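A short write-up of the structure that comes next.
Rule-based calculations on the coordinates, nothing more; no lab input. If you're wondering where the values come from, they're calculated on a predicted model, not measured in any experiment. Glycine also receives a Cβ, built like all others from the backbone with ideal geometry; neighbour counts cover every protein chain displayed.
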2 protein chains.
Amino acid sequence: VLAKLISFFDNECAGICVEPILVGVSGGPDSLCLLDVLVRAQKQVIVAHFNHQLRPEAEQEAEHVCKLAVKYGLLFVSESQDVQVFASENKFSVEEAARKLRYRFLFAQARNKGAQVIAVAHHADDQVETVLMHFLRGAGLSGLKGMAPVTHLPEFDPDIRLIRPLLRTWRRDIDEYCRENHLETVQDLSNLDLTYFRNRLRHSLIPEMETYNPGFKQALLRGAESLTGDFQLVNNAVDGFWKSTIIEIGKDYLTFNLDALQASNPAVLRNLFRRVATHLNSGVRDVNFEVVERVVRFIRDGYAVSTKVDFTDGLYVFGEGNQLIVANRYTNIPVLDWPQVRQTAKLEVGVPLFLDGNWSLLVEEKESIQDLAGITSNSDPFQAWMDADLICGNLQVRGRKDGDRFQPLGMSKGSIKVSDFFINEKLPSRRRKNWPLVSMGDEILWIPGYRSAHPYRLTGTTRRILHFELNKSRKV
Amino acid sequence: VLAKLISFFDNECAGICVEPILVGVSGGPDSLCLLDVLVRAQKQVIVAHFNHQLRPEAEQEAEHVCKLAVKYGLLFVSESQDVQVFASENKFSVEEAARKLRYRFLFAQARNKGAQVIAVAHHADDQVETVLMHFLRGAGLSGLKGMAPVTHLPEFDPDIRLIRPLLRTWRRDIDEYCRENHLETVQDLSNLDLTYFRNRLRHSLIPEMETYNPGFKQALLRGAESLTGDFQLVNNAVDGFWKSTIIEIGKDYLTFNLDALQASNPAVLRNLFRRVATHLNSGVRDVNFEVVERVVRFIRDGYAVSTKVDFTDGLYVFGEGNQLIVANRYTNIPVLDWPQVRQTAKLEVGVPLFLDGNWSLLVEEKESIQDLAGITSNSDPFQAWMDADLICGNLQVRGRKDGDRFQPLGMSKGSIKVSDFFINEKLPSRRRKNWPLVSMGDEILWIPGYRSAHPYRLTGTTRRILHFELNKSRKV
């Protein structure tokens, strides 16, 4: 056991195992063995015990671990919390609640004591059980690869590392080590009722599977190692893809290039969106296959404007123009980049009007009409030219009102609802309400970015021209 | 069932399912269902039956399938072979022998009848059993991803595709389809004794696993699908790596850039060498983790000259300079690029001597010794200058003899065995025997590419110079 541990520190842990190491010690054989071998390997350790208050003996066990730490001459930290209460308050399973509180405690103590590494006592049998549990629920690569010997748990701390030095050591060898070294162990937490499912795996299913392949456990451990490498390769591919498609990393949202997503294959998308979920919500441990598949289909099959699709843990996904946005349901995604008008404003010729998002609107009279050909072939939707003699009322800039209608340039008869026009033009729904409209009373003269109104167009009889331009200021 | 099949042809099979389709029909429910739905979907099919001669009823079954084909009005092809004999002759398991002969027959018939696609009746339960079998032996990604809906079996044919239209259809639905459509099925081959292991999985282990997760089979099917995508990503990464490290693709060997291999991570290497194995031996279906690991360690830890490591299926791996070579044990890897001498040849001043591999050796007398500084600082080991007055016998070019010794330039006393010199200089072992040595009787004057002999060096009293040069000809 000691030899394996030293090889672990020489290989997996090379260069990252800064001391002191905070060790989670329940008092069971696994953690006592871990503690003892760490001490023998002359590592500087801090003993951390978390009391889950799940059993009457819990108090005594905490005391036992404390005494042991004193005997080793090590720093001891502990905390006690009612896991049952925390579970029912937060609708977690008891196992999930225990895990959350325990890691929260360990990481807080590590920060507190300046430890950059936390060691926990998961061993090879734990690994086999973990992989098997993932297999039973049809997990993908990230589950089947099992626990990592060295990892981060970003939901608890972005920097402190979690290590599992015993991950290649079997329970049998740990028990033998404890006997040989007369370690006084208390009942292992893993034998509690709350891990009934795991216990059934351990005592029934795994022995059954060993009748098919006597080397099953060893084989599974090796398989997990091989999958860990493959997982890294997949992750590298996803890294590259993320970088090439991400447009904006917001606090609670991410924006991607939709064309690039649509051009990629489902396997990349599936992995990308698993990562998106953990990026936006570091507590997400695993994303259901169906949920990811729903998003992949949403991207692949295109989307109708204004539709969106539920993702996971309060996240949702929607498309906007050439962008795909993933956001928390309650996030206000900034609309700073769009021209938006919050309240009706008077527009005067020659006076720039400033709108939200650093946009400004300017109307000027142009005396000459020398370049009429150039004007009529105008292809910039953020400029418009109109017959000044037809503009005989006050100009306004305002958002859309119910019932607004519009006769777009080129439509010689009738009109269309502005709301329908927006839908036809695929203006993303979030932008519609405050999209600036240039109006004269109820009459819409121009929808910047789209079209001016047919009746006000330049004709052969036009003598004076009004030039409208909506500009994004370049100010920093 | 029909709907699923049509969706299969519209999606996975889009554009590749050229008709006619050759269908493997055993006569069991799976293959009869497949045949029936293909006919209903108006595909042009050819019925192919292979008689394994494993049971007394086999004859009758062949007849049954033949009659059925006639009833459908379809072309029928069949073959009969003694699987048991083939198995014992080749030391295959009966199951492996049956698979080989069956696929050999199907692909031969497909070629024969101009079919580019073969359909087989593997269904969702087969897939679950396959994945579980791989899981039990601790397989990596390529095993856990299960069977592909559309694939190639290059060991049987490089171009003809194998499709599995029922891969998402459960056995239950197939049986129901057969009942509803009154298909007269014979006993399924998969219920034979030879698949005892699989039957135990089916009737014992899988139901047991369903008590842990009632949706286990469905979950596993989804998981396999997700892993299939990840496998593609890994394969893409390996593709790129293969291209950037391969130096030569020989008939029975591959040469890679060793530095590039050493700089890469184990996961890429593992996958690369799995691919190397199937590239060199298309019959290899799976490479043992330990075997791959041995090669990865060999690369990572460097190698001593002349050592090699066993790979899989008669392949071995060895390093040579900056190259890593994987070859069949009985392959003669060409040595054309090296200077080699097959038999002793007389070397005359002024007359070029041609060696194997387009190398030529020329000795010339140089009258002037004006550029002595330039000569003595010579750093090209394929040129040598010697004191001509000391060369008083016949010059030869020959390979190494037992007992050859040599006093390299700079070694003022004593001598060293040529064989030890080669080892010190890390001359790859395969090149040593025929490496050209320039000698005068037993005296070694020059080892081209390495060092000339100390006693013949130029000194202050040298009056005449012999210039030796070994050149690679540029002839095409």
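Check A:Q44: other-chain or 5+ apart residues with amide H under 5 Å from its amide H, H built from backbone geometry?
When sequence neighbours closer than 5 places are left aside, the close amide H contacts are A:I21.
In whole Hz and in residue order, list the ³J(HN,Hα) couplings for region A:82-90 that follow from phi through the Karplus curve 6.51 cos²θ - 1.76 cosθ + 1.60, θ = phi - 60°; x for Gly and Pro.
7, 5, 4, 5, 4, 5, 6, 4, 9
What ranking of B:V117, A:V94 emerges when the number of other C-beta atoms within 10 Å of each C-beta is taken as an exposure proxy, fewest first?
Neighbour counts put them in this order, fewest first: A:V94, B:V117.
For a quick check: with amide H placed at 1.01 Å from N, whose amide H comes under 5 Å from B:F311's, ignoring anything fewer than 5 positions away on the same chain?
B:Y316, B:V317
Give me the Kirkwood hydrodynamic radius of region B:380-476 in Å, from all C-alpha pairs, to one decimal place?
Computed over region B:380-476, the radius equals 14.0 Å.
Residue-wise, which Karplus ³J(HN,Hα) couplings in Hz belong to region A:197-206, taking 6.51 cos²θ - 1.76 cosθ + 1.60, θ = phi - 60°, and x for glycine or proline?
With the stated coefficients, region A:197-206 comes to 4, 4, 5, 5, 4, 5, 9, 10, 5, 5 Hz.
Which order do the peptides B:35-44, A:163-172 take when ranked by the mean count of other beta-carbon atoms within 10 Å per residue, highest first?
Ranking, from highest mean packing down: A:163-172, B:35-44.
Within region B:1-135, how many lysine pairs that are 8 or more places apart, or on different chains, have C-alpha atoms less than 21 Å apart?
Taking the Cα cut-off of 21 Å, the pair count is 8.
How much of the DSSP bridge set in the protein assembly as shown is antiparallel, in percent, rounded to the nearest 5?
75
About its Cα centre, how strong a charge dipole does region A:194-261 have in debye, to the nearest 20, once Lys and Arg get +1 and Asp and Glu get -1 at the Cβ?
420
Please pull out the direction-averaged projected area of the protein assembly as shown, using the convex hull of its alpha-carbon atoms, in nm² to one decimal place.
62.4
What nm distances, shortest first, do you get from the label point of B:R329 to those in the other copies when the point sits 7 angstrom along Cα to Cβ?
Result for B:R329, in nm, nearest copy first: 6.5.
How high is the FRET efficiency between A:E443 and A:K243 when r is their beta carbon distance and R₀ equals 51 Å, given to the nearest 0.05?
After rounding, the FRET efficiency stands at 0.60.
Residue farthest toward the positive end of the dipole of chain A, with Cβ of Lys/Arg at +1 and Asp/Glu at -1: which of A:F422, A:I118, A:H49?
Toward the positive end, the furthest listed residue is A:F422.
Quick check: Cα centre of region B:204-259 to Cα centre of region B:264-288, how many Å?
Their Cα centres are 11 Å away from one another.
With θ set to phi - 60°, apply the Karplus curve 6.51 cos²θ - 1.76 cosθ + 1.60 along region B:39-48 and write out the HN-Hα couplings as whole Hz, x wherever there is a Gly or Pro.
5, 4, 7, 6, 7, 8, 10, 10, 8, 10
What FRET efficiency comes out for B:H279 versus A:E348 if R0 is 51 angstrom and r is the Cβ-Cβ distance? Round to the nearest 0.05.
The value I calculate is 0.10.
Between B:L347 and residues 5 or more places away or on another chain, which pairs have amide H atoms under 5 Å apart, with H built 1.01 Å from N, and which residues are they?
The answer is B:L395, B:Q396, B:V397.
Please list B:55-68, B:95-108 highest first by mean number of surrounding beta-carbon atoms within 10 Å per residue.
Packing order, densest peptide first, comes out as B:95-108, B:55-68.
Go from 0 up to the bin containing the longest alpha carbon distance in region A:101-218, width 10 Å each, and give me the % of pairs per bin.
Bin by bin from 0 Å, the calculated values are 12, 34, 38, 14, 2.
How much of the DSSP beta bridge set in chain A is antiparallel, as a percent to the nearest 5?
Given both bridge residues lie in chain A, the antiparallel proportion sits at roughly 75 percent.
Excluding A:D230 itself, calculate the net charge of residues whose Cβ lies under 9 Å from the Cβ of A:D230, where each Lys or Arg counts +1 and each Asp or Glu counts -1.
+1
Restricting attention to the alpha-carbon atoms of region A:1-70, what are Rg (one decimal) and Dmax (integer), both in Å?
Over region A:1-70's Cα set, Rg and Dmax evaluate to 13.5, 42 Å.
Return, in residue-number order, each cysteine of chain B whose C-beta is not under 4.7 Å from any other cysteine's C-beta.
B:C33, B:C66, B:C178, B:C392
Between A:L106, A:S88, A:G449, whose Cα lies farthest towards the positive end of the dipole of chain A when Lys and Arg beta carbons carry +1 and Asp and Glu beta carbons carry -1, centred on the Cα centre?
A:G449
Between region A:72-104 and region A:8-37, how far is it from one alpha carbon centroid to the other, in angstrom?
Each part's Cα centre sits 20 Å from the other's.
Return a whole-number percent for the relative contact order of chain B, with Cα pairs under 8 Å and 6 or more residues apart as the contact set.
About 11 percent, as a whole number.
7 Å along Cα→Cβ for the label point: how many nanometres lie between B:Y72 and each equivalent label in the other copies, listed shortest first?
For B:Y72, the inter-copy label distances come out at 6.9 nm.
Send over the per residue convex hull volume for region B:1-125, Cα only, as a whole number of Å³.
113
Give me the dipole magnitude in Debye, nearest 20, for region A:64-115 about the Cα centre, with unit charges on the beta carbon: positive for Lys and Arg, negative for Asp and Glu.
Dipole about the Cα centre, nearest 20: 280 debye.
Sorted by packing (mean other beta-carbon atoms within 10 Å per residue), highest first, where do B:221-228, A:148-155 land?
B:221-228, A:148-155
Taking the Cα centre of the protein assembly as shown as origin, work out the dipole magnitude from +1 charges on Lys and Arg Cβ and -1 charges on Asp and Glu Cβ, in debye rounded to 20.
With only Lys, Arg, Asp and Glu charged at Cβ, the dipole is about 1220 debye.
Shortest first and in nm with one decimal, please list how far the B:S88 label point sits from its counterparts in the other copies (point 7 Å along Cα→Cβ).
Spacings between copies for this position, smallest first, are 7.1 nm.
Projecting each Cα onto the charge dipole of region B:202-276 (Lys/Arg +1, Asp/Glu -1 at the beta carbon, about the Cα centre), which of B:T228, B:A260, B:P214 comes out farthest on the positive side?
Among B:T228, B:A260, B:P214, the one farthest towards the positive end of the dipole of region B:202-276 is B:P214.
Within region A:197-240, what residues put their amide N at less than 20 Å from the label point 7 Å along the Cα-to-Cβ vector of A:A14?
Within reach of a label on A:A14: A:225-226, A:228-230, A:232-233.
Restricting things to Cα coordinates, could you compute the convex hull volume per residue of chain A in Å³?
Spelled out: Cα convex hull of chain A, divided by residues, is 194 Å³.
Counting helices only, and only those DSSP H runs with n ≥ 4, report the 222 nm mean residue ellipticity of chain B as the sum of -39,500 (n - 2.57) divided by its residues, in deg cm²/dmol to the nearest 500.
After summing the helix terms and dividing by residue count, I get -11500 deg cm²/dmol.
Give me a single rounded figure for B:257-270: the average over its residues of other chain Cβ atoms within 10 Å of their Cβ.
2
Let me confirm one metric for peptide B:131-143, namely the mean number of other chain beta-carbon atoms within 10 Å of its residues' beta-carbons.
6
Which whole number gives the average count of other chain Cβ atoms within 10 Å of the Cβ atoms across peptide A:201-209?
Shielding by partners across A:201-209 averages 2.
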